[in-house]
1. Output the 0 to 90 degree angle, nearest 10, between the alpha-carbon long axis of helix 5-21 and the longest principal axis computed from the alpha carbons of the chain.
2. What FRET efficiency comes out for the pair Ile51/Ile18, r = Cβ-Cβ distance, R0 = 35 Å, nearest 0.05?
3. What ³J(HN,Hα) values, in whole Hz, does the Karplus curve 6.51 cos²θ - 1.76 cosθ + 1.60 give for the stretch 50-55 when θ = phi - 60°, with x put for Gly and Pro?
4. What is the extension gain from Glu62 to Ile102, computed as 0.36 nm multiplied by their sequence separation minus the C-alpha to C-alpha distance, in nm to one decimal?
5. Can you give the net charge of the other residues whose Cβ lies under 15 Å from the Cβ of Ala47, counting K and R as +1 and D and E as -1?
6. From the P(r) of the stretch 6-48, can you give the percent of Cα pairs sitting at distances over 12 Å?
7. Taking only DSSP H segments of four or more residues, each worth -39500 (n - 2.57), what value at 222 nm results for the chain once the sum is divided by all its residues, to the nearest 500 deg cm²/dmol?
8. So, with +1 on the Cβ of K and R and -1 on the Cβ of D and E, and no other charges, what is the size of the charge dipole of the stretch 1-102 about its Cα centre, to the nearest 20 debye?
Amino acid sequence: MEFNATFIIAIFSFSVFILVMNRIYYKPVLNIINERKNLINGNYEHAKKSIEKADLLLKEKEQRLSETSQKAKSIVAKKVDETTLRAASAASGAQKQSQAEILRTKENLALEEQQISSALEDNIKDLARSITAKILGGAS
């Protein structure tokens with residue numbers, strides 16, 4: 001094997017080609033690849049943080065929803081109890097009022113009965129006197 005000037009020129013031009021390619025092509029491509037890798041890693045970390053934040057917000061929303069639901073149920077139960085008490089009170093008042101009305105009506109009926117009985121007694125006495133007077137007056 002012979003080493004002549006063509007071989008040395010080929011080695012020299014290949015070395016220059018490698019240096020030129022390294023500066024013009026490989027370094028910029030490697031820089032672009034590294035920038036893309038950093039961008040992808042940054043986006044991945046940002047997405048990861050966003051997912052964690054979304055999970056935290058979702059848990060907080062569910063907790064607030066649960067608390068609000070419990071408060072609403074408590075308010076509804078309280079209003080139902082109040083309404084039940086009002087209805088019971090109104091029913092009790094109406095029952096007392098009806099009992100008082102029934103008692104007054106019974107008293108009025110008893111008074112009327114007594115008055116009618118007294119009037120009947122008076123009528124019977126008058127009738128008895130009239131009959132007695134007719135019998136005694138017709139016999140004499």
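Only the coordinates and a few stated rules stand behind these numbers; no lab work does. What you see is a predicted model; the values in this text were computed from it and never measured. Methodologically, a virtual Cβ is constructed for each residue, glycine included, from the backbone with ideal geometry; neighbour enumeration extends over all protein chains shown.
1. Taking Cα atoms only, the helix is inclined about 20 degrees.
2. Details: r = 45 Å, r/R0 = 1.30.
Taking R0 as 35 Å, the efficiency between Ile51 and Ile18 is 0.15.
3. 5, 5, 4, 5, 5, 4
4. Details: separation 40, 0.36 × 40 = 14.40 nm, distance 5.86 nm.
Extending this stretch completely gives an extra 8.5 nm.
5. Working: positive: Lys48, Lys49, Lys53; negative: Glu45, Glu52, Asp55.
Computed value for this residue: 0.
6. Details: 612 of 903 pairs.
Counting pairs separated by more than 12 Å, the tail of P(r) holds 68 percent.
7. On the way: 2 runs with 130 residues, N = 140.
For the chain, the value works out to -35000 deg cm²/dmol.
8. Details: 16 positive and 11 negative charges, 59 e Å.
So the magnitude is around 280 debye.
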